[in-house]
Each structure stands twice: as structure tokens, then as C-alpha cells.
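My structure is below; once you've seen it, I'll send some questions.
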Amino acid sequence: MKIGYPCLNHSLECKGNRTFRLHSYSEDKIKQTIKNNLDCLFCILKFNLNNDILFFRISSDIIPFASHPICTFPWQNYFSNHLKEIGRFIINNDIRISMHPDQFIVINSLREDVIKRSLTEIIYHNEILDLMGLDSTAKIQIHVGGVYGDKSNSIKRFIDNYKSLDSSIKNRLVIENDDKSYCIDDCIGIFQRINIPVLFDYFHHSLYNNHESLHKIFESCRKTWKEKDGFLMVDYSSQNPMKPRGSHADKLDHSNFIDFIKLSKSYDFDIMLEIKNKEQSAMEAIKLLNSDKRLFTKS
DNA sequence: TCACGTCAAGCAGAT
DNA sequence: ATCTGCTTGACGTGA
């Protein structure tokens, strides 16, 4: 099991997701920003290694405007050595990597232009991971998309569009249950038709579900991840008690986390902690697991 | 130097 | 109709 957190590190001075306004785009600006972001990513990965954090989600902002037509700068060639160097560090230290394109990526949209932009964005994510030399255990997680008042047709559109993708992209794509449209059962149903691995989001599941038991979920999700996909990935978070339903917690809720681990301890999986204080939660979670190894012994 | 309006992009649900 | 939440921050103008 590996513990990770997404995109940002608040302990370090550097920011690995620096960007700029579209109207201030220039080749010089994008070059400098990417260099900054890659340097910082390397720092974050070293920080993580020093703290036994072996799972990390790379920010989609690492190459700003990568899939936008304005971006004509050949970053793939210009930074290929830099990306390869980071990739070697990742591989040599057995670090697990994921990426999560943001909410605008909807491959089952009713609008052709939205689908087209989404595919371009996914291709960009795939390029980053390829240029780092990572294998197909490095994943790109997306949601199924919109429902548009007709779930079965919307699922069919997802499947049709998925089938048209290049196999190198299919090797990395996984789907994740969301908090209002597609629950774990929906995702498993899609897996049964196109064999796409299902990433389990525990917090989303608590907000939107078919009352599936946690054991049944782990059992069925695990089977969707083949040898080439690596261990099942799981996103973990809890409700922020001060904010509206669906808001992620500011800090790790120790008792909620321990309850979750107790229920799921017999399965092999990697956990991404989607909690606002980022590496802080990851370090706490690792400490909790180490302080009570029994929590984590397979039964 | 700092506040704060705004930032490429979609969707659903609440108000 | 407008706002919020999603990996939510961070940019950058104007004072």
C-alpha cells in the first residue's frame, strides 16, 4: 500500500502548478513556467520520498494551456530530457503516479467541440506520462461525464467514444465514481462492457451510492485492475463539517480514516488522500498506519 | 505591497 | 437565473 496526495505541497517554497493568464501567453513565459513547474515537481517527489510518501498526483497545470490552440511551443521536445530525468527518479524509487484531468473533460458530452477538447487534453496527459517513461500503472483518472437526463444513452456515448481512442491512451485511462451522476455500480457496469479499470472514490461513494457494501466494492473494483494496471487506486476523503455537503475536509479525520482502513485492510490498494492540507495528511496517515500495524495486517 | 476580481474549458444540484 | 463544488488556487491589475 502506498499513501499519496494530489498536486500541491504546502511545506515547500516552490509551486509546481504555476500558470498565467491566457492573454499574457508568450513562448518565453510558458518556457519559464514549465521549467519552474518541473523543477518543483522534482522537489516535491524528493520531499515525498524522504517522508515515505510513494504515491503522487501530478497537477494538470504542469504544462499550462498544453491542449489550447495558443500553445504552439514544442514543450515535448524542449523538456524531454527534464521529463525523462524525473521519470527515472520515479521509476528508481518505485513511486506510483496518477493524473486527474479536471471537470471540463467530458468525453460523453452532447457537444462535439467539448468531446474534441477533452480528447486533446487527455492526449496531453498521456504525453507527459509517456515522456517520463512511465508504464501503464501510471493512470489518468476521469469521470464518466454528464447524464443529460438519459443515463443509458449517456453511458453508451461514453463507451462509443472510449472505443475510438488510441490503445496507448486506453492503457492509462480509468474511471472514477462521482458524487452525483455515476456511482460504483454504474462504473462496474461500464467495465463489464469495455474493460476499463474502476478507481474507487470512498467519499463520493458516501454521497452517492446503490448501498453496495464496502467489501463487495473492493472485491469488484479490484478485479477491474489487471497486472499491467498495477494495484487498485482509491481516493479517500471525508466531509468538511463546516461546509456544504460534498466539500472535502481540511484535515485528516483520524477516526474516519481508521474506520475505513479497518474495513478495507484485507485488500491491496494505493490511497490518494484528497484532503486540503495535502502532505500533512499523508504524513499523519502513514504515522497512523505505522503506529498500529495490526490495523494493516491482512486477516 | 496588498486586496480582490477574475481566470480556457462542463455539469448537476441547491438557492 | 445565479451560485457552488468539483484537485481550488493563483494571476495580475490597480491603488
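Considering each residue of the range A:232-257, count those that are more than 20 Å from A:Glu284 (Cβ to Cβ) and free of Cβ contacts under 8 Å to residues at least 60 places away in the same chain, and give that number.
Adding up the residues that qualify gives 4.
Within the range A:93-108, restricting attention to residues that are in a strand (DSSP E or B) and away from DNA strand B (no atom under 13 Å from the Cβ), which residue is nearest to A:Glu176 (Cα to Cα)?
Within the range A:93-108, the subset in a strand (DSSP E or B) is A:96-99.
Now restrict to residues that are away from DNA strand B (no atom under 13 Å from the Cβ): A:96-98.
Numbers: A:Arg96: 17, A:Ile97: 16, A:Ser98: 13 Å.
Top of the filtered list is A:Ser98.
Results for (1) among the hydrophobic types (A, V, I, L, M, F, W, C); (2) closer than 21 Å to A:His100 by Cα; (3) surrounded by fewer than 20 Cβ atoms within 10 Å (Cβ to Cβ), shown as yes or no for each residue.
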| site | (1), (2), (3) |
| --- | --- |
| A:Tyr148 | no, no, yes |
| A:Asn161 | no, yes, yes |
| A:Arg172 | no, yes, no |
| A:Ile175 | yes, yes, no |
| A:Lys180 | no, yes, yes |
| A:Phe191 | yes, yes, yes |
| A:Ile194 | yes, yes, yes |
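Across the range A:129-174, what is the number of residues that are under 17 Å from A:Asn195 (Cα atoms) and either among the β-branched types (Val, Ile, Thr) or over 16 Å from the mean Cα position of the chain (by Cα) (or both)?
Looking only at that region, the number is 20.
List every residue pair whose Cβ atoms lie under 7 Å apart, where the two residues are 6 or more positions apart in sequence or sit on different chains, the first residue falls within the range A:1-30 and is closer than 15 Å to A:Pro64 by Cα, and the second residue, located anywhere, is hydroxyl-bearing (Ser, Thr, Tyr) and modelled with pLDDT of 85 or more.
A:Cys7/A:Ser59; A:Gly16/A:Ser59; A:Asn17/A:Ser59; A:Arg18/A:Thr33; A:Thr19/A:Thr33; A:Phe20/A:Thr33
Does the range A:251-283 hold any residues that are among the hydrophobic types (A, V, I, L, M, F, W, C), more than 15 Å from the chain's Cα centre (by Cα) and surrounded by 17 or more Cβ atoms within 10 Å (Cβ to Cβ), and which are they? Explain how you work it out, then say what you get.
Going residue by residue through the range A:251-283, those that are among the hydrophobic types (A, V, I, L, M, F, W, C) are A:252, A:257-258, A:260-261, A:263, A:269, A:271-273, A:275, A:282-283.
Checking which are more than 15 Å from the chain's Cα centre (by Cα) leaves us with A:252, A:257-258, A:260-261, A:263, A:282-283.
A:Leu252, A:Phe257, A:Phe260, A:Ile261, A:Ala282, A:Met283, listed by residue number.
Can I ask one more? Filter the range A:1-25 down to residues that are assigned to a loop (DSSP other than H, G, I, E, B) and more than 10 Å from DNA strand C (Cβ to nearest atom) and give me whichever is farthest from A:Met233 (Cα to Cα). Let's see the steps before the verdict.
Applying the first criterion (assigned to a loop (DSSP other than H, G, I, E, B)) to the range A:1-25 yields A:1-2, A:7-21, A:25.
Restricting the remaining residues to those that are more than 10 Å from DNA strand C (Cβ to nearest atom) gives A:1-2, A:11-13.
On the way: A:Met1: 10, A:Lys2: 9, A:Ser11: 25, A:Leu12: 26, A:Glu13: 29 Å.
Taking the candidates together, the pick is A:Glu13.
Test each condition in (1) in contact with a His (Cβ under 9 Å, 6 or more places away or on another chain); (2) in a helix (DSSP H, G or I); (3) under 20 Å from A:Ile142 (Cα atoms); (4) hydrophobic (A, V, I, L, M, F, W, C) for A:Ile275 and report the one that comes out false.
The number of the failed condition is (2).
Would you point out the residue of the range A:45-74, among those that are assigned to a helix (DSSP H, G or I) and without any contact (Cβ under 8 Å) to a residue 60 or more places away in the chain, that is nearest to DNA strand B (Cβ to nearest atom)?
Top of the filtered list is A:Asp61.
Kindly indicate whether A:Ser11 is among the polar types (S, T, N, Q) and in contact with a Gly (Cβ under 8 Å, 6 or more places away or on another chain). Steps first, please.
Working: among the polar types (S, T, N, Q): yes; in contact with a Gly (Cβ under 8 Å, 6 or more places away or on another chain): no.
The answer is no for A:Ser11.
Determine whether A:Pro101 is within 16 Å of DNA strand C (Cβ to nearest atom), under 23 Å from A:Lys2 (Cβ atoms) and either modelled with pLDDT under 90 or not small (Gly, Ala, Ser) (or both). I'd like the intermediate steps shown before the answer.
Details: within 16 Å of DNA strand C (Cβ to nearest atom): yes; under 23 Å from A:Lys2 (Cβ atoms): yes; either modelled with pLDDT under 90 or not small (Gly, Ala, Ser) (or both): yes.
Yes: the conditions hold for A:Pro101.
Can you tell me which condition A:Lys251 does not meet? The list is (1) modelled with pLDDT under 95; (2) more than 16 Å from A:Tyr5 (Cα to Cα), and all the others hold.
Going through (1) modelled with pLDDT under 95; (2) more than 16 Å from A:Tyr5 (Cα to Cα) one by one, A:Lys251 breaks only (2).
Next question. So in the range A:241-255, with the set limited to residues that are part of a loop (DSSP other than H, G, I, E, B) and touching an Asp or Glu at 6+ places or on another chain (Cβ under 6 Å), which one is nearest to DNA strand B (Cβ to nearest atom)?
Among those residues, the one meeting the criterion is A:Gly246.
Let me ask something else about it. Out of all the residues in the range A:207-240, which are modelled with pLDDT of 90 or more, farther than 20 Å from A:Leu288 by Cβ and in a helix (DSSP H, G or I)?
Within the range A:207-240, A:His215, A:Lys216, A:Ile217, A:Glu219, A:Ser220, A:Cys221, A:Arg222, A:Glu227, A:Lys228, A:Asp229 qualify.
The values are calculated or read from the model by the stated rules, or taken from the named source; none is laboratory data. Note that the coordinates shown come from a computational prediction; the quantities given were computed from them, not determined experimentally. With ideal geometry, Cβ positions are generated from the backbone for all residues, glycine too; neighbour counts draw on all protein chains shown.
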